[in-house]
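This report refers to the structure that appears directly beneath it.
The values are calculated or read from the model by the stated rules, or taken from the named source; none is laboratory data. What you are looking at is a predicted structure, and each value in this text was computed from that prediction instead of being measured. Cβ coordinates were reconstructed from backbone atoms using ideal geometry, including for glycine residues, and neighbour counts include every protein chain displayed. Ligands, DNA and RNA are stripped out before the accessible areas are found, and what is left, the full protein with its side chains, is counted by its heavy atoms. Shrake-Rupley method; radii C 1.70, N 1.55, O 1.52, S 1.80 Å.
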Amino acid sequence: MAFTFYNTLGREKQLFKPKDGNNAVGFYGCGPTVYNYAHIGNLRAYVHHDILVRSLRHAGFTVNHVMNITDVGHLSDDADGGDDKMVKTAEERGKSVLEIADFYTQAFFKDTDRLNITRPTVVCKATEHIADMIALIKRIEENGFTYIAGGNLYFDISKFPSYGELALLRLDDLKAGARIQQDENKRNPGDFVLWFTKSKFENQALVWDSPWGKGYPGWHIECSAMSMKYLGENFDIHAGGIDHIPIHHTNEIAQSEAAAGVKPWVNYWLHNEFLVMNDGKISKSKGSFLTLQNLVDEGYDPLDYRYFLLSGHYRSQLQFSFDSLKGAKNSRKSLIDKIKALADKSGTQETEIKEENIIKYIEAFDKAIEDDLSTPRALAVLWGLLKEETASKDALAAVLKMDEVLGLGFKDIIAGKNHDNTEFTQEIEELIAKRAEAKKAKDFTAADNIRQGLKERGIILEDGPAGTVWKHL
Ligand code: AMP
Ligand code: ZN
């Protein structure tokens, strides 16, 4: 397969060639800042990373996928302003920063597992890589790109002529104060902190010794240090949401290239557009936002949300609404019905695909994916195949092959595993079982209480010859 990816660096679709021309791809995707649950917008970024990784593996590449966990240094403003997100939450909850980090890291992977997102090959926590960050900062300093002011060590963007290339920023605009100047120690508003020592965060919970004094790293350095540690000083792909282009990724590039003297540090930059609600950005720091669990509580399977995301191209803004999610749920349901019917007719053994008509679908599917990961087109090809009503083993094998990329869990569905096994569904099933037991024991009050409790949550029970079934009101 020959992929073309839209590379933010250069702003064009480019043919993807792994470095060194071999089959191994190094990929770094910026991970979560674990001070709260991931919101459904954040999860769009991770589903995008997953589609990328699955597609490359489907095409025969080996992918080393590295993801960081930010548990230190991320301020509420990416350009060094505001509070430390982790410290603020820890204080509000009366917990330690590491307790908060641990809790939300687990919650994050619970969400990504439920979305069938393949776990990265390497997951690295910022707090466990401080020595790597210090070593990298030392190299940046030795190469003459830093200054100390007010106790902090800054990166001097005026020493790095290609600063802002990724975001098409102009140094002159930055000098004129295009960004809000909040830190008077900065010589240029675009300069950024590599290491904080004396700062406004006197209550910083975690500090480490360093050549610049006791303190903690700026946010951006962790991604440079950890990606280079695990993927080398030049690697293939780096991804994140579009919000990271002007500051976080711009600063990552400046630091990494200043330290290693290698240009480009990363060959392909992929950025996902935002998931939006009511025309606004879904923000974790603004307090109210939707989580995957909220969708589950409304009766949706996490894979309904995955399907919803795949129905949009990752580079287009996607508007979230429960109506659209409902549409996705219905489409996924009819897809499953068709696949189950196909499996019933054709048997489920895996087979080498020989039918030419089916090969054509696989080719069309691969073409869609090769073209900058066009999941909407790929889904359309899958639908086309299922509408053909071919009941062959080859057709089923093709569906499973496509699902290597889509990750909609079809194999499990065919194997009869209930893919609607969200905690919500499990809880309802358990309550239905309890109610049946209560009825058997002639405890009708307890049985009625269960029915009433569910009704208050919008679930109605219907007793029939095949047992009790439940529906949303
Ligand atoms: P954070 O945990 O805030 O560092 O964000 C994690 C990832 O989610 C980053 O790649 C962000 O760029 C991305 N992101 C944040 N908000 C959205 C959104 N509304 N839609 C899509 N991606 C987002
Ligand atoms: Zn990052």
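Of all positions in the range 75-94, none carries a residue that is more than 27 Å from V207 (Cβ to Cβ) and within 21 Å of the chain's Cα centre (by Cα).
This table checks each residue for (1) open to solvent by 10 Å² or more (accessible area, probe 1.4 Å); (2) under 14 Å from A341 (Cβ atoms).
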{"position": "V381", "(1), (2)": "yes, no"}
{"position": "L385", "(1), (2)": "no, yes"}
{"position": "A391", "(1), (2)": "yes, yes"}
{"position": "A398", "(1), (2)": "no, no"}
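Note on the range 191-236: among residues that are of a type in the set (K, R) and at pLDDT below 95, the one that is nearest to ligand 1 (Cβ to nearest atom) is K200. Note on the range 209-325: enclosed helices (runs of 4 or more DSSP H) holding 3 or more residues that are closer than 29 Å to D113 by Cβ and within 16 Å of ligand 2 (Cβ to nearest atom) are 219-231. Identify the residue in the range 75-90 that is open to solvent by less than 10 Å² (accessible area, probe 1.4 Å) and within 16 Å of ligand 2 (Cβ to nearest atom) and, among all such residues, is nearest to V34 (Cα to Cα). Of everything passing the filter in the range 75-90, M86 is nearest to V34 (Cα to Cα). Cβ-Cβ contacts under 7 Å between residues 6 or more apart (or on different chains), taken from a first residue in the range 358-377 that is free of Cβ contacts under 8 Å to residues at least 12 places away in the same chain to a second residue that is buried (at least 22 other Cβ atoms within 10 Å of the Cβ), are absent. Within the range 277-284, is there a residue that is farther than 19 Å from A38 by Cβ and surrounded by fewer than 19 Cβ atoms within 10 Å (Cβ to Cβ)? Yes, the range 277-284 has at least one match. Looking at (1) out of contact with any strand residue (DSSP E or B) (no Cβ under 6 Å at 6 or more places or on another chain); (2) open to solvent by less than 40 Å² (accessible area, probe 1.4 Å), which is the only condition K110 fails? For K110, the exception is condition (2). Every condition in (1) modelled with pLDDT under 95; (2) away from ligand 2 (no atom under 16 Å from the Cβ) holds for A167 except the one numbered (2).
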